[in-house]
Amino acid sequence: MLIKENEILRGRVQQLEISLQQRAEQLSQLESKSEQREWRRGEELRQREDRVRELELELNKERGKEPVVKYVTQTVEVESPATVRQLTKARQRNEVLSERLSSQNERCKQLEEQIRKSDEYSCNLQHKIAAYEREIGKLREELLKEIGHLEERKEEAVKAAASCSAEHFQNLQDQFFTLQKRLTALPPTLRSMKTDYASLRSQVRNFSEFYGAAINEAKKQISAAISEMSEANKDLLEKYRKEVALRRKLHEQLVELKGNIRVLCRVKPVLKEDQHEEGLSVVVTTDPNNESSLTVMNKGKNRSFELDKVFQPHATQEEVFQEIEPLVTSCIDGYHVCIFAYGQTGSGKTYTMEGSVENPGINQRALKHLFSEIEERKDMWSYTVTVSSVEIYNEVLRDLLSKDGEKLDIKINPDGTGQLHVPGLRVIEVRSFQHIKKILATARRNRVTFGTQMNQHSSRSHALLCITVQGTDLASGSKTTGKMNLVDLAGSERVWKSGAEGERLKEAQNINRSLLALGDVIQALRGRHTHIPFRNSRLTYLLQDSLGKGSKTVMVVQVSALERNLGETLCSLKFAQRVCKVELGPAARKIESGGGLCD
Ligand code: ADP
Ligand code: MG
């Protein structure tokens with residue numbers, strides 16, 4: 001700031017000096033001007049004085065001439081007209097000259113006046129010059145004063161600036177010293193920092209090496225652990241597979257032990273609606289201590305029947321299904337399975353197979369179990385479930401899942417496997433239990449419709465629900481195909497005995513023939529006959545690949561416990577016994593096949 005101020009002051013002084021110079025110049029100009037003027041005035045004065053002298057000389061000359069002219073004039077007046085003329089001329093000339101003289105006088109006066117004026121003027125000018133000179137002197141004095149002031153201020157400012165800058169300099173010097181001190185102290189710190197930095201760098205390098213090594217080590221360990229794990233997993237999977245295979249084998253053995261063809265008997269409980277007619281006494285009794293026997297009272301005599309299993313009249317749908325469940329499992333494992341409900345109309349076949357809304361039968365329970373099993377196995381197997389449903393009435397096959405219920409044919413599959421197939425049969429892929437419920441409802445509805453169209457009751461036809469389960473082992477890719485046929489057979493009652501004729505008789509004969517054929521087939525299978533008469537009816541023909549070797553069958557024989565149904569009950573039980581006894585021993589083989597359903 002001081003330096004700045006100093007500079008400003010210096011500038012100001014310079015400016016002042018410049019203005020002083022300018023003023024001095026102006027002064028000298030003014031002086032030269034006044035000198036010139038004075039000189040010019042002197043010159044003019046001189047000229048005028050010269051002129052005045054000239055004029056005075058002339059005047060004097062003229063004055064000297066005057067006496068001559070007067071004389072001439074006088075002479076002319078006296079002497080002659082020529083002289084008179086000359087005289088007048090001279091007079092005129094004289095007049096002219098005197099005029100001239102007066103004008104010259106006039107002029108002289110004017111010039112004198114002019115001289116006086118110019119004297120006045122020059123006097124004025126001299127005054128002015130003096131005033132100017134005074135003013136200039138004053139200005140010079142002022143200027144000198146100003147310069148002095150400025151010089152003083154400059155001195156002061158310079159002094160102040162010097163003192164200030166000295167202080168400042170002192171401060172700066174102090175700062176400089178402290179900085180110098182600090183700077184001298186810095187190199188060792190810097191050196192130690194450098195060494196620290198170098199050591200840190202080496203540490204970081206070491207760390208990254210160490211870190212990389214540790215990561216590699218960890219990776220190795222992890223991959224080793226993973227491979228160990230996968231090895232162990234493979235081992236476990238292998239063990240699991242073996243376990244599953246063993247379980248299947250044991251399951252098979254269990255089913256085998258129970259028999260690949262089993263005959264069960266379900267006795268219908270006495271219901272309120274059955275009690276409005278006669279013959280209400282109960283003639284069929286079960287033994288709670290013996291699950292495989294049942295007794296029928298006929299004409300005062302007790303007759304016992306031995307079957308694979310006899311359900312108590314109060315047996316629940318779930319209890320009945322418990323006996324079927326292993327077959328459902330077998331179906332998922334790739335077996336062909338058939339479940340039949342046999343018995344006279346009203347004995348509870350449909351109840352056992354379909355059940356009611358609140359208490360569903362085998363069909364729904366089997367499918368529910370099927371889907372839950374599939375869900376359980378989903379990590380190892382994937383399954384596709386398809387379903388079809390047909391009705392056989394009077395040896396005619398109809399699709400229960402298509403609305404028009406057109407007639408279907410059973411043909412040999414052209415793929416060369418020798419298996420049968422039904423061209424045009426609707427097969428639906430089922431994805432959930434809810435879906436199958438809808439399909440079952442459709443089949444039931446269609447069966448009722450066809451029944452009315454044909455003016456016949458549904459009890460005169462066989463209803464089949466065929467479920468195919470295709471499984472793929474997710475690990476090996478191997479495939480299995482299981483089939484489950486759930487059959488609600490036509491009523492087994494002997495209509496012809498009541499004297500039926502015409503269509504009714506033909507229908508009865510057809511039913512009789514197909515049930516008989518079924519009995520024959522089962523008997524032949526259980527007796528391990530070489531020839532199985534599948535072709536004797538549509539039903540057995542259609543089911544032949546599910547009834548043949550390696551497949552499993554359950555026949556639920558439904559009977560009424562009431563006296564009024566005694567005849568049919570006995571008939572059904574005899575039928576059951578006939579197919580059941582076959583496997584009991586070699587002696588059973590001797591029992592002849594064929595013959596009527598009942599004597
Ligand atoms: P089917 O199909 O053999 O002609 P249904 O199954 O139609 O005989 O049975 C006739 C009636 O008896 C139906 O009303 C059914 O609900 C009833 N019924 C059959 N079995 C039982 C049972 N175990 N418990 C309760 N009611 C039954
Ligand atoms: Mg029925």
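The values are calculated or read from the model by the stated rules, or taken from the named source; none is laboratory data. Because the structure is a prediction, the values reported are computed rather than measured. Cβ atoms come from the backbone with ideal geometry, glycine included; neighbour counts cover every protein chain shown.
Here are a few things to note about the model shown:
- Pairs, first over 17 Å from Asn394 (Cβ atoms) and of a type in the set (A, V, I, L, M, F, W, C) in region 480-491, second assigned to a strand (DSSP E or B) and within 16 Å of ligand 2 (Cβ to nearest atom), C-beta under 7 Å, six or more apart: Leu486/Ile339; Leu486/Leu465
- Options Asn413, Asn510, Asn485, Asn455; residue that is away from ligand 2 (no atom under 15 Å from the Cβ), modelled with pLDDT under 90 and surrounded by 20 or more Cβ atoms within 10 Å (Cβ to Cβ): Asn510
- Considering residues of region 299-319 that are among the charged types (D, E, K, R) and free of Cβ contacts under 8 Å to residues at least 40 places away in the same chain only, the residue nearest to Asn359 (Cα to Cα): Glu319
- One residue alone among Lys128, Lys154 is assigned to a helix (DSSP H, G or I), out of contact with any Gly (no Cβ under 6 Å at 6 or more places or on another chain), among the charged types (D, E, K, R) and within 25 Å of Val13 (Cα to Cα), and that residue is Lys154.
- Residue ID - farthest from Thr480 (Cα to Cα), chosen from residues in region 325-352 that are of a type outside the set (A, V, I, L, M, F, W, C) and away from ligand 2 (no atom under 16 Å from the Cβ): Glu325
- The numbered conditions (1) within 15 Å of ligand 1 (Cβ to nearest atom); (2) within 60 Å of the chain's Cα centre (by Cα) are all true for Val284 except (2).
- Gln322 fulfils the conditions (1) free of Cβ contacts under 8 Å to residues at least 24 places away in the same chain; (2) away from ligand 1 (no atom under 16 Å from the Cβ) except for a single criterion, (2).
- Residues that are over 17 Å from Leu465 (Cβ atoms), in a loop (DSSP other than H, G, I, E, B) and within 47 Å of the chain's Cα centre (by Cα) are absent from region 384-396 altogether.
- Entirely in region 282-361, the strands (runs of 3 or more DSSP E) that have 2 or more residues that are hydrophobic (A, V, I, L, M, F, W, C): 290-298, 309-311, 336-343
- Test: Ser118 is surrounded by 10 or more Cβ atoms within 10 Å (Cβ to Cβ), among the hydroxyl-bearing types (Ser, Thr, Tyr) and at pLDDT 85 or above: no
- Cβ-Cβ distances below 6 Å connect the following pairs, each with a first residue in region 335-364 that is touching a residue at least 24 places away in the same chain (Cβ under 8 Å) and closer than 17 Å to Gly519 by Cα, a second residue that is within 13 Å of ligand 2 (Cβ to nearest atom) and basic (Lys, Arg), and a separation of six or more residues or different chains: Ala341/Lys349; Gly343/Lys349.
- Filtered by the rule that a residue be surrounded by fewer than 17 Cβ atoms within 10 Å (Cβ to Cβ) and under 30 Å from Glu243 (Cβ atoms), region 310-325 gives Glu318, Glu319, Gln322, Glu325.
- Among the candidates Glu141, Glu95, Glu106, Glu112, the residue that is more than 60 Å from the chain's Cα centre (by Cα), modelled with pLDDT of 90 or more and either at negative phi or surrounded by 14 or more Cβ atoms within 10 Å (Cβ to Cβ) (or both) is uniquely Glu141.
- Any hit, region 428-439, residues being within 16 Å of ligand 1 (Cβ to nearest atom) and either in a strand (DSSP E or B) or modelled with pLDDT of 90 or more (or both): no
- In summary, Thr386 fulfils each of the numbered conditions (1) out of contact with any Asp or Glu (no Cβ under 8 Å at 6 or more places or on another chain); (2) among the β-branched types (Val, Ile, Thr); (3) farther than 26 Å from Ser514 by Cα with the single exception of condition (1).
Residue-by-condition table, conditions (1) more than 16 Å from ligand 1 (Cβ to nearest atom); (2) touching an Asp or Glu at 6+ places or on another chain (Cβ under 6 Å); (3) among the aliphatic types (A, V, I, L, M):
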{"position": "Leu515", "(1), (2), (3)": "no, no, yes"}
{"position": "Gly519", "(1), (2), (3)": "yes, no, no"}
{"position": "Ala524", "(1), (2), (3)": "yes, no, yes"}
{"position": "His529", "(1), (2), (3)": "yes, no, no"}
{"position": "Arg538", "(1), (2), (3)": "yes, yes, no"}
{"position": "Tyr541", "(1), (2), (3)": "yes, no, no"}
{"position": "Ser546", "(1), (2), (3)": "yes, no, no"}
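- Any hit, region 256-265, residues being more than 60 Å from the chain's Cα centre (by Cα) and not small (Gly, Ala, Ser): yes
Matching residues to (1) more than 19 Å from Ile3 (Cβ to Cβ); (2) touching a residue at least 24 places away in the same chain (Cβ under 8 Å); (3) touching a helix residue (DSSP H, G or I) at 6+ places or on another chain (Cβ under 9 Å):
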site: Val158; (1), (2), (3): no, yes, yes
site: Asn171; (1), (2), (3): no, no, no
site: Arg191; (1), (2), (3): yes, no, no
site: Tyr197; (1), (2), (3): yes, no, no
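- Every test in (1) in contact with a strand residue (DSSP E or B) (Cβ under 6 Å, 6 or more places away or on another chain); (2) at pLDDT 85 or above is passed by Leu542 save one, and that test is (1).
- Test: residue in region 360-373 that is exposed (fewer than 14 other Cβ atoms within 10 Å of the Cβ) and away from ligand 1 (no atom under 16 Å from the Cβ): yes
- Residues in region 332-348 that are among the small types (Gly, Ala, Ser) and over 25 Å from Leu425 (Cβ atoms) were compared, and the one that is surrounded by the fewest Cβ atoms within 10 Å (Cβ to Cβ) is Gly346.
- Summed over region 349-359, residues that are within 7 Å of ligand 1 (Cβ to nearest atom) and surrounded by fewer than 24 Cβ atoms within 10 Å (Cβ to Cβ) total 3.
- Of all the numbered requirements in (1) of a type in the set (S, T, N, Q); (2) part of a loop (DSSP other than H, G, I, E, B); (3) within 16 Å of ligand 1 (Cβ to nearest atom), Thr417 misses one, and that requirement is (3).
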